[in-house]
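The values are calculated or read from the model by the stated rules, or taken from the named source; none is laboratory data. For clarity, every value in this text was computed on a predicted model and none was experimentally measured. Positions of Cβ are generated from backbone atoms using ideal geometry, with glycine treated the same way; all protein chains shown enter the neighbour counts. For the accessible areas, the whole protein counts, side chains as well, though only heavy atoms, and no ligand, DNA or RNA atoms are used. Shrake-Rupley method; radii C 1.70, N 1.55, O 1.52, S 1.80 Å.
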Amino acid sequence: MKKNLLVFILALLVGLGVGVYMMGGTNTHGDGGNGEFIAGEHYLVLDKPLSVDKGSFVTISSYACPFCYKYYQNVLPEILGEIRATYEPFHMHAMGEFGVSVSKILAVARVLDKRENIAPNSPNSKFKKILFAYFESYHDKKERPSADMDEMKFLQTGFEAGGITREIYESELQNSEVLELLGLWDEGYDVALIQGVPAFVVGGKYLIKTEKIASTAEFAKLIDYLASKNE
């Protein structure tokens, strides 16, 4: 991927307010070339950390967020192979019609993946297949579900993409693992309010300021730097 495209895409990730998309400008100052990242400039320290492992790299996104879709398409594949931190996706239910429903089916899919030791970025991941099915439906096909649409009809897209039946879905919704995961994702809401979504948190407490990132290499370097602070 060419550097100018990387900068353009990363600039898109500056964020959006809940329900309002706010584009930010590109800042290519980076770390000044000396490998030093500064709190308040390159990352923020959260007052209330997420309840995740210290070595985690959390992404907070919504299927209805166009910048989240671009991130999953163009940036995530570039950085996951370069970082030591463990990738863990959160879905924010507060955006888009049926955002709660998307969170529920994604949580079920994530738990099913975990049982089979499938990473969320794997081509075989039910989570990834379902998330992209809704990304594509909403952003590429411009399909907008109405508020009075039947929920099960809306979920059919996810059922087909992930190979999950309605019976499995409804059964797993009662599972404590799924309920705990949905509760964990709820913690991401307050983080998303700080500078929008997609939001990136390392070790549960370091929120990356994406407007300071000039390339995917620098993004990966910052993630590993922050992960090492938690060791």
(message) Looking at segment 106-122 only, could you name the residues that are farther than 22 Å from residue 75 by Cα and either basic (Lys, Arg) or open to solvent by 10 Å² or more (accessible area, probe 1.4 Å) (or both)?
(response) 112, 114, 115, 116, 117
(request) Return yes when residue 137 is free of Cβ contacts under 8 Å to residues at least 60 places away in the same chain and in a loop (DSSP other than H, G, I, E, B) and no when it is not. (result) no
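Rundown of residues vs (1) under 17 Å from residue 46 (Cβ atoms); (2) among the hydrophobic types (A, V, I, L, M, F, W, C); (3) open to solvent by 20 Å² or more (accessible area, probe 1.4 Å), yes/no style:
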| position | (1), (2), (3) |
| --- | --- |
| 150 | no, no, yes |
| 178 | no, yes, no |
| 186 | yes, no, yes |
| 208 | yes, yes, no |
| 228 | no, no, yes |
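Which residue out of 146, 125, 171 is surrounded by fewer than 15 Cβ atoms within 10 Å (Cβ to Cβ), without any contact (Cβ under 8 Å) to a residue 24 or more places away in the chain and polar (S, T, N, Q)? Step through it out loud before you land on a result.
Numbers: 146 fails: without any contact (Cβ under 8 Å) to a residue 24 or more places away in the chain; 125 fails: surrounded by fewer than 15 Cβ atoms within 10 Å (Cβ to Cβ).
Exactly one residue qualifies, and that residue is 171.
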(request) Scan segment 153-165 and give yes if some residue there is acidic (Asp, Glu), in a helix (DSSP H, G or I), open to solvent by less than 80 Å² (accessible area, probe 1.4 Å) and farther than 14 Å from residue 111 by Cβ, otherwise no. (result) no
